[in-house]
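The values are calculated or read from the model by the stated rules, or taken from the named source; none is laboratory data. Values in this document were obtained by computation on a predicted structure and should not be read as measured data. Cβ coordinates were reconstructed from backbone atoms using ideal geometry, including for glycine residues, and neighbour counts include every protein chain displayed.
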Amino acid sequence: MRFDADVIIVGGGIGGLALALALHNKGIECRVVEAAKEYAAIGAGVNLLPHAVAPLAQIGLLEALSEHGNQTTNLQFYTEHGLHIHCERRGLAAGHDYPQLSLHRANLHKVLRAAFDERLGAGQIRMASKCVRIDQDDESVSVRVETEHGGMAVVRGKIVVGCDGIHSMARKQLFPNEGPPIFSGVTMWRGVTEMRSFLGGHTMVLAGCLRAGKVVAYPVTPPSHGSVQLVNWVAEIRGAHEQTIGWETSGNVNSLAWANRDWMLPGLDVPTMLRQTERVLVYPMVDRDPLAQWSFGRITLLGDAAHPMYPFGSNGACQAILDAFALAAHLSDQGANQEALWAYQQQRLPPTRDVTLLNRVSPPDDILDEVDRRSRGRPVNSINEIIQPAEINWRMARYQRTTAGAIGGVLNSIAPQSAGISGEKLREGL
């Protein structure tokens, strides 16, 4: 039987392209089918933690990522009244071998797509090809796609990986009765805008609480001459909408009256940041219940198709990247077969399940809500009146221990290429 490639990847987003590059690094042929006619520069910021930067660096992408992104070296937590709660070092500043990089999602995708075209060839991704069904037998799997003008085509391979996001068609076929994503009760407004650097240009600020409203802001480009950066922001509040709100719906800053005030944050003018944003997107914060199984015969899932989680702890894209390199390693070791898919599931399902569940009950920025509960929303003179540094550090370490379990075993399986730029070189630039 003739195959278009050993591995057919459904979805050409971050997870799908990362998988394609990881497979290429292992010498495994793949083909990507993507529903969109072309990639649009939509979305907002994304954070790559050191454990996600590492595998991309080891296949030679660190320099390109660093050119398009900004090193985040600090997380600063504040109450809704501007009282400082905690500072946490990140990336190289925390002693990791690789930086934490904050990028516009479109720029991350641009880096991955450029590497894909250079290494695999642009012809290995089929655009305007919406997956409508996946069929398999003992030896092969077929992906039926609807083309741009309503025609049908079939792409064949030895295995299929669904990388098609939280509304995954591949997942829906495997779990037809699952239903829609689960709404958390929290609504998010997101945007990016150019503004003057704040707190040195390498800091993420998290302020407020979900009861009264929370604001997160961080630069996604390096400081330019004149200290101007592109800043990603997220405004979140509990109970503002029902789940019926669409995905990536256009929003309006006028609905953010609760955020349009002086937050008393050093160097960060929140009202100006909101007012200068040309396009605002609004999302429901959703996830899905963890699955007991991802792999069925010659079909498996990856990234948000496998384990959609709340956007806490910067784990969504990072876990998809780790999935990609873990799966590539198992396919290299065992061949493009069901045994490799099962081994991948055994490695990646338990830790991503743990992160998904922890994000529901105790994410790292839950410290903001805990301070709000203890203070009953009232201003205080010192954070020590509410919570002690030892408890804050314990809460942060608990989350890090869980996410550390979602890293294990992936990085040692990558055949390194020239990274082009080292962590030490990046440290010098801070």
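The table below lists the values:
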| read-out | value |
| --- | --- |
| So residue 191, is it within 20 Å of residue 262 (Cβ to Cβ), within 18 Å of the chain's Cα centre (by Cα), assigned by the TED database to the domain that holds residue 232 and assigned to a strand (DSSP E or B) | yes |
| Flag for residue 114 being among the aliphatic types (A, V, I, L, M), surrounded by fewer than 16 Cβ atoms within 10 Å (Cβ to Cβ) and closer than 27 Å to residue 299 by Cβ | no |
| Any hit, region 66-79, residues being on the phi > 0 side of the Ramachandran plot, crowded, with 24+ Cβ neighbours inside 10 Å and assigned to a loop (DSSP other than H, G, I, E, B) | no |
| Qualifying positions in region 287-319 - under 27 Å from residue 336 (Cα atoms) and assigned to a loop (DSSP other than H, G, I, E, B) | 290, 291, 292, 293, 294, 295, 297, 298, 302, 306, 307, 308 |
| Counted residues, region 195-225 - those being under 20 Å from residue 101 (Cα atoms), under 22 Å from the mean Cα position of the chain (by Cα) and not aliphatic (A, V, I, L, M) | 7 |
| Yes/no for residue 196 being surrounded by fewer than 20 Cβ atoms within 10 Å (Cβ to Cβ), within 25 Å of residue 251 (Cβ to Cβ) and outside the structural domain of residue 301 (by the TED database) | yes |
| Flag for residue 335 being modelled with pLDDT under 95 and assigned by the TED database to the domain that holds residue 21 | no |
| Any pair with Cβ under 7 angstrom, 6 or more apart, that starts in region 126-147 at a residue that is under 12 Å from residue 299 (Cα atoms) and not assigned by the TED database to the domain that holds residue 176 and ends at one that is part of a loop (DSSP other than H, G, I, E, B) and among the aliphatic types (A, V, I, L, M) | none |
| Residues that are under 16 Å from residue 147 (Cα atoms) and not aliphatic (A, V, I, L, M), drawn from region 7-16 | 11, 12 |
| Residue match in region 23-31 (condition: surrounded by fewer than 19 Cβ atoms within 10 Å (Cβ to Cβ), touching a helix residue (DSSP H, G or I) at 6+ places or on another chain (Cβ under 8 Å), in the same structural domain as residue 321 (by the TED database) and of a type in the set (Gly, Ala, Ser)) | yes |
| Flag for residue 179 being among the small types (Gly, Ala, Ser), surrounded by fewer than 22 Cβ atoms within 10 Å (Cβ to Cβ) and more than 30 Å from residue 264 (Cβ to Cβ) | yes |
| Unmet requirement for residue 382, which otherwise passes all of (1) surrounded by 14 or more Cβ atoms within 10 Å (Cβ to Cβ); (2) more than 25 Å from residue 299 (Cα to Cα); (3) of a type in the set (Ser, Thr, Tyr) | (1) |
| Test: residue in region 359-368 that is modelled with pLDDT of 90 or more and among the basic types (Lys, Arg) | yes |
| Per-region count, region 7-19, residues under 17 Å from the mean Cα position of the chain (by Cα) and not in a loop (DSSP other than H, G, I, E, B) | 6 |
| Region 136-176, residues that are assigned to a loop (DSSP other than H, G, I, E, B) and more than 26 Å from the chain's Cα centre (by Cα) | 137, 138, 139, 140, 147, 148, 149, 150, 151, 158 |
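Rundown of residues vs (1) over 30 Å from residue 147 (Cβ atoms); (2) touching a residue at least 12 places away in the same chain (Cβ under 8 Å); (3) in a helix (DSSP H, G or I); (4) not hydroxyl-bearing (Ser, Thr, Tyr), yes/no style:
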{"residue": "5", "(1), (2), (3), (4)": "no, yes, no, yes"}
{"residue": "23", "(1), (2), (3), (4)": "no, yes, yes, yes"}
{"residue": "31", "(1), (2), (3), (4)": "no, yes, no, yes"}
{"residue": "39", "(1), (2), (3), (4)": "no, yes, no, no"}
{"residue": "42", "(1), (2), (3), (4)": "no, yes, no, yes"}
{"residue": "56", "(1), (2), (3), (4)": "yes, yes, yes, yes"}
{"residue": "64", "(1), (2), (3), (4)": "yes, yes, yes, yes"}
{"residue": "97", "(1), (2), (3), (4)": "yes, yes, no, yes"}
{"residue": "109", "(1), (2), (3), (4)": "no, yes, yes, yes"}
